[in-house]
1. Quick test of your reading of the structure: Y120 fulfils all but one of (1) open to solvent by 30 Å² or more (accessible area, probe 1.4 Å); (2) under 18 Å from the mean Cα position of the chain (by Cα). Name the failing condition by number.
2. Residue pairs, Cβ under 9 Å, 6 or more apart or interchain, first in region 42-61 and closer than 15 Å to F76 by Cβ and part of a loop (DSSP other than H, G, I, E, B), second among the small types (G, A, S) and open to solvent by 30 Å² or more (accessible area, probe 1.4 Å). List them.
3. So how many residues does region 72-113 have that are open to solvent by less than 30 Å² (accessible area, probe 1.4 Å), more than 22 Å from S150 (Cβ to Cβ) and small (G, A, S)?
4. Within region 61-71, how many residues are surrounded by fewer than 17 Cβ atoms within 10 Å (Cβ to Cβ) and touching a strand residue (DSSP E or B) at 6+ places or on another chain (Cβ under 8 Å)?
5. Quick one: in region 151-162, which of the residues that are in contact with a Leu (Cβ under 7 Å, 6 or more places away or on another chain) and either of a type outside the set (A, V, I, L, M) or without any contact (Cβ under 8 Å) to a residue 12 or more places away in the chain (or both) is surrounded by the most Cβ atoms within 10 Å (Cβ to Cβ)?
6. Among strands (runs of 3 or more DSSP E) lying entirely in region 67-152, which contain 1 or more residues that are of a type in the set (K, R)?
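The values are calculated or read from the model by the stated rules, or taken from the named source; none is laboratory data. Model, not experiment: these values are computed from the prediction. Ideal geometry is used to build each Cβ from the backbone, glycine not excepted, and the neighbour counts take in all protein chains shown. The protein model used for the area step is the full one, side chains on, heavy atoms only, and it has no ligands, DNA or RNA in it. Shrake-Rupley method; radii C 1.70, N 1.55, O 1.52, S 1.80 Å.
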Amino acid sequence: LCNIDAMPEILILDVESPSCTPTQEVTKELQEGVYGGVVIFLSNTTDAALDAFDVGAFNYVIKSSEDTDDRFAEVFTRALEGVHRKRKTILLNGVNEHRSVALGRITYFEVRKHVVTVHYGGNRTFDFVSTLDRVENLLPAYGFVRTQRSFIVNAEKVQSYDTNKIKLSDGATVPLGRKYRDSFRDMMESVSMRSL
């Protein structure tokens with residue numbers, strides 16, 4: 001896992017596996033670092049389910065239940081669909097540079113005076129000249145939603161929100177405008193239904 005070029009896109013971690021580092025700690029370290037893939041927990045009990053979600057795992061499978069094979073197939077299929085969505089990229093044209101960014105790594109877009117900044121991969125940014133309307137028209141099928149006149153967020157990167165603001169996985173907070181609340185809530189419901 002130290003080789004970023006050979007990083008697997010799906011990790012399946014067995015909570016009961018004999019390991020010198022508990023699975024939850026491994027998952028947390030992976031997700032705080034460069035790993036942007038999907039993590040699935042396997043366990044013999046439901047106790048690990050809360051731990052899995054606490055560290056942002058995609059899902060968990062109880063190994064000892066009667067429908068383990070069906071459940072695993074369902075979770076793994078959804079994980080593959082998520083990986084497929086993350087592989088999609090957007091080509092951004094800056095002043096002297098072009099950059100292809102994986103949609104799954106993007107946290108949010110913001111615009112100031114016709115310069116759009118994409119925030120992705122932790123703390124990375126890239127500026128390009130466009131309108132947010134043009135960006136918005138490219139992205140609704142990929143889980144991006146407008147939250148205010150100057151912001152578009154990746155719904156899968158939302159950690160929490162209230163009536164006025166949204167906290168994202170990279171620690172950033174963006175505004176939630178009154179005009180955009182209904183479409184934002186609809187998108188969040190859609191994302192949460194996909195992860196069930």
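1. All conditions pass for Y120, except number (1).
2. Taking only residues 6 or more apart or on different chains, the pairs are F58/S195.
3. Of the residues in that region, 4 qualify.
4. First pass over region 61-71, keeping only residues surrounded by fewer than 17 Cβ atoms within 10 Å (Cβ to Cβ): 63-71.
When the remaining residues are screened for being touching a strand residue (DSSP E or B) at 6+ places or on another chain (Cβ under 8 Å), the result is 63, 68, 71.
Count: 3.
5. K157
6. Values: elements: 89-93, 98-102, 106-112, 115-120, 124-129, 144-148.
Per the criteria, 98-102, 106-112, 124-129, 144-148.
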